[in-house]
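Here's the structure we're looking at; comments come further down.
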Amino acid sequence: MSNAAAPSLGELLLGCATLSLVAVGGANAIVPELHRQVVDIHRWLSGPEFATLFAIAATAPGPNVLVVTLIGWKLGGIPGALLATAGICGPSSVLAFTVGKAWERLRASPGRQALERGLAPVTIGLVLGSGWLLNAAAATDWRGWLVAGVAAAAYWRARFNPLWVLAGAALLGAFLLS
Amino acid sequence: MDTVTLNPHPRCAALFAAFFSVGMRGFGGVLPWARRMLVDERHWLDDRGFTELLSLGQLLPGPNIVNLSVVFGARCAGWRGALAAASGLLLAPLFIVLLLAEGWRHFAAVPWLQGVLTTVAAAAAGLILATGAKLAQKLEPAWWSRLLAAATFVAIAWLRLPLLAVLAVAAPCGIALAWRDLQTEKRR
């Protein structure tokens, strides 16, 4: 199945800016929605192309939202990458700035305390869930789960610097799978 | 519970540098590094303060850690602080990821590189799990707290329910239970 014609830069910016305001749950949570839009509906990218871009974004340093940058790059070169990034981060950042200031003024209010205390467990459940889902996407067999389990234990219990954990995993990957 | 005295909030240059270091080290995602930097290294927040900030970042739409950097930066130094923190977080990774993508076009066929990509992604997921576990250790001891965290995890990871639906049920439950606890504490 061949790809459809790439979108214009304006379409790209508008699409990302819209996604920015509906993307509750952050970058990991919007990946299924991104896939639906870019691969299934518009057919701008094939499934394997999308998966490769996601893997590159996940292995590179930086926030996982950079997968959107890479999609922009693939569709519109460097201008596409910059516009996609500005689109996905801009509107939500303006909202975060506004809400963050109001939040500060409500510091002592019991409503805010209930909100923070009540949402903390949900937040932690979401963090654990996205770790699980990301590994489910990355791990091709039991070895992937073993690597994730050992990495989690090493950082949680032994308090290694996580960079060592990642470097160890990279070495293991180079030998184990070559 | 650790009793560390927190450092005063930083200004723009320190914010930029700190979030720059988070972006540069954040292989496989920046959440573990954001917590490590803010809580363990710079002592600008404790674990509870970090979870509160993260909750807000997650409740708002858009990338969580970008939101977190905007809110924390704004709290420290207004809109300049927000800009310093968010640009520090994004600037270097933006260039690196584009270089990598460009490079990938030439080296995609190398088999050991595929292996590296797969295991690093798995280890990065493990780090996120460990960060969740660290935050969970500092949860309120109330009975419903761990139960709600576990239920959210199961709904998202195993049942694969849509995020909005999970939030629509879990958030009001948590807020109502926390509200009830706060009322009880006040009466005591």
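The values are calculated or read from the model by the stated rules, or taken from the named source; none is laboratory data. What you see is a predicted model, and the numbers here were worked out from it, not measured in a lab. Please note: Cβ atoms are built from the backbone with ideal geometry, for glycine as well, and neighbour counts cover all protein chains shown. In case anyone asks, the SASA skips ligands and DNA or RNA and just uses the protein heavy atoms, side chains included. Shrake-Rupley method; radii C 1.70, N 1.55, O 1.52, S 1.80 Å.
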Fill in the blank from the handout: B:A109 fails exactly one of (1) free of Cβ contacts under 8 Å to residues at least 60 places away in the same chain; (2) open to solvent by 20 Å² or more (accessible area, probe 1.4 Å); (3) assigned to a helix (DSSP H, G or I), namely (3)
Exercise for the section: Please work out if B:S87 is modelled with pLDDT of 95 or more and open to solvent by less than 10 Å² (accessible area, probe 1.4 Å). Expected result: no
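Rundown of residues vs (1) at pLDDT below 85; (2) part of a helix (DSSP H, G or I); (3) crowded, with 21+ Cβ neighbours inside 10 Å; (4) in contact with a Lys or Arg (Cβ under 8 Å, 6 or more places away or on another chain), yes/no style:
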residue	(1), (2), (3), (4)
B:E102	no, yes, no, no
B:A123	no, yes, yes, no
B:A133	no, yes, no, no
B:L139	yes, no, no, yes
B:W144	no, yes, no, no
B:L148	no, yes, yes, no
B:F153	no, yes, yes, no
B:A171	no, yes, no, no
Exercise for the section: Identify, by number, the condition in (1) within 9 Å of another protein chain (Cβ to nearest Cβ); (2) part of a helix (DSSP H, G or I) that B:G29 doesn't meet. Expected result: (2)
Completion exercise
Subset of segment A:129-141, residues within 17 Å of the chain's Cα centre (by Cα), free of Cβ contacts under 8 Å to residues at least 60 places away in the same chain and open to solvent by 20 Å² or more (accessible area, probe 1.4 Å), comes to A:W132, A:A136
Exercise for the section: Determine if segment A:94-102 includes at least one residue that is in a helix (DSSP H, G or I) and touching a residue at least 60 places away in the same chain (Cβ under 8 Å). Expected result: yes
Exercise for the section: Among the residues of segment A:60-84, write down those that are more than 8 Å from chain B (Cβ to nearest Cβ), out of contact with any Gly (no Cβ under 9 Å at 6 or more places or on another chain) and open to solvent by less than 10 Å² (accessible area, probe 1.4 Å). Expected result: A:V67
Exercise for the section: State yes or no: is B:L54 assigned to a helix (DSSP H, G or I), within 25 Å of A:A57 (Cα to Cα) and open to solvent by less than 20 Å² (accessible area, probe 1.4 Å)? Expected result: yes
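Is it the case that A:A151 is in a helix (DSSP H, G or I), touching a residue at least 12 places away in the same chain (Cβ under 8 Å) and open to solvent by less than 20 Å² (accessible area, probe 1.4 Å)? Give the derivation first.
On the way: in a helix (DSSP H, G or I): yes; touching a residue at least 12 places away in the same chain (Cβ under 8 Å): yes; open to solvent by less than 20 Å² (accessible area, probe 1.4 Å): yes.
Answer is yes for this residue.
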Practice task
Would you check if there is a residue in segment A:166-174 being in contact (Cβ under 8 Å) with a residue 24 or more places away in the chain and farther than 22 Å from A:T59 by Cα?
Solution key: no
Problem - Which listed residue is open to solvent by 20 Å² or more (accessible area, probe 1.4 Å) and either part of a helix (DSSP H, G or I) or at the interface with another protein chain (Cβ under 8 Å from one of its Cβ atoms) (or both), from A:G87, A:G111, A:G144 - result: A:G111
Fill in the blank from the handout: Filtering segment B:9-26 down to residues that are open to solvent by 10 Å² or more (accessible area, probe 1.4 Å) and within 14 Å of another protein chain (Cβ to nearest Cβ) yields B:H9, B:F20, B:S21, B:M24, B:R25
Practice task
State all residues of segment A:1-47 that are surrounded by 13 or more Cβ atoms within 10 Å (Cβ to Cβ), under 30 Å from B:A171 (Cβ atoms) and at pLDDT 75 or above; if no residue qualifies, say none.
Solution key: A:L14, A:G15, A:C16, A:A17, A:T18, A:L19, A:S20, A:L21, A:L34, A:H35, A:Q37, A:V38
Exercise for the section: Using the structure shown, decide if A:I88 is within 21 Å of B:L60 (Cα to Cα), within 22 Å of the chain's Cα centre (by Cα) and touching a residue at least 24 places away in the same chain (Cβ under 8 Å). Expected result: yes
